[in-house]
1. How about segment 120-160: which of its residues are more than 28 Å from residue 76 (Cα to Cα), charged (D, E, K, R) and under 19 Å from the mean Cα position of the chain (by Cα)?
2. List pairs: first in segment 25-45 and modelled with pLDDT of 80 or more, second surrounded by fewer than 11 Cβ atoms within 10 Å (Cβ to Cβ), Cβ under 8 Å, 6+ apart or cross-chain?
3. State all residues of segment 206-226 that are under 22 Å from residue 47 (Cβ atoms) and touching a residue at least 60 places away in the same chain (Cβ under 8 Å); if no residue qualifies, say none.
4. Considering only segment 197-206, I want to know if a residue exists there that is touching a helix residue (DSSP H, G or I) at 6+ places or on another chain (Cβ under 7 Å) and modelled with pLDDT under 95.
5. Does segment 188-214 hold any residues that are under 11 Å from the mean Cα position of the chain (by Cα) and of a type outside the set (Gly, Ala, Ser), and which are they?
6. What are the residue pairs meeting all of these: first residue in segment 113-124, first residue part of a loop (DSSP other than H, G, I, E, B), second residue basic (Lys, Arg), Cβ atoms under 8 Å, and 6 or more apart or on different chains?
7. Give 211, 194, 177 a once-over and let me know the one that is acidic (Asp, Glu) and surrounded by fewer than 18 Cβ atoms within 10 Å (Cβ to Cβ).
8. Out of all the residues in segment 81-93, is one or more surrounded by 12 or more Cβ atoms within 10 Å (Cβ to Cβ) and modelled with pLDDT of 85 or more?
Amino acid sequence: MDSRPKAARLASLDVLRGLTIVGMIVVNTASYLHYVSGYAVFAGLEHAEWRGFTAADAVFPAFVFMTGVSIPLALGPLALGDGPIERGMAGLDGAALRRLLVRSGRLFLLGLILSNLYWMATPESVLFRPMGVLQRLALAFLAAAVLYKTLGPRARMILAVAILALYWPLTLLPFPDGTTDLLRPGANFVGWFDRAVLGAHTYVHGPLGYDPEGLLSTLPAVAQALLGVAAGQ
């Protein structure tokens, strides 16, 4: 019989997770009605094409934030009944890192499958897409969990702020195949990096193709997960 204490649960996190799932269902249903059935839907239930922010755009960031909130509950002293959390557990040993890699890897693999169902059915008609929603969650979780186990709260918060502060000038860097224009989708260094590394295997194709869950754009997601870690503590 397993006598280990169960990980702590946070009722408010469960409620937020449930509300976010409801929001996701509403947004996905509205998207289906609009793009498949041709019905007009409330604009706030559609994702902003590039500029702006709608209610639909809040769903995925909420999941990233909640991923961070859950990390201290699953990995911290409270999960073992050791009292208030001041820091992550005593460092990151090999066994703990392997567990984090396995957990993140499973989520990433599930994301690969879900992102490429059409590719697996008809590989000649669509391109394989390595990145996606669950893949980004997996990477954000892994980075935030490793940082939780290795850095103190203040260092993690400084790092999160630094990532967000430096990401904006990163988008302004010149790129080889065009001119930076933040009002044009993909016309920035971050989009170019996706094209350079992923090639045609992005969500948006074309000369200015990019992936909304791409490579460098995962950095702000890591920062957001770290903010979730701070809230979870």
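The values are calculated or read from the model by the stated rules, or taken from the named source; none is laboratory data. Predicted model only: the values in this text are computed from it and were never measured. Neighbour counts run over all protein chains shown; Cβ positions are idealised from the backbone, glycine included.
1. Let us first name the residues in segment 120-160 that are more than 28 Å from residue 76 (Cα to Cα), namely 120-132.
Okay, now just the ones that are also charged (D, E, K, R), so 124, 129.
Residue satisfying the conditions is 129 alone.
2. 33/39; 34/40
3. Those that are under 22 Å from residue 47 (Cβ atoms) and touching a residue at least 60 places away in the same chain (Cβ under 8 Å): 211, 213, 214, 215, 218, 221, 222, 223, 224, 225.
4. Yes.
5. Here is the first cut: in segment 188-214, the residues under 11 Å from the mean Cα position of the chain (by Cα) are 212-214.
Selection gives 212, 213.
6. Within 8 Å, the pairs are 116/129.
7. Details: 211 fails: surrounded by fewer than 18 Cβ atoms within 10 Å (Cβ to Cβ); 194 fails: surrounded by fewer than 18 Cβ atoms within 10 Å (Cβ to Cβ).
Of the residues listed, the single one that is acidic (Asp, Glu) and surrounded by fewer than 18 Cβ atoms within 10 Å (Cβ to Cβ) is 177.
8. Initial filter on segment 81-93 (surrounded by 12 or more Cβ atoms within 10 Å (Cβ to Cβ)): 85, 87-89, 92.
Still in the list and also modelled with pLDDT of 85 or more: none.
There is no residue in segment 81-93 that is surrounded by 12 or more Cβ atoms within 10 Å (Cβ to Cβ) and modelled with pLDDT of 85 or more.
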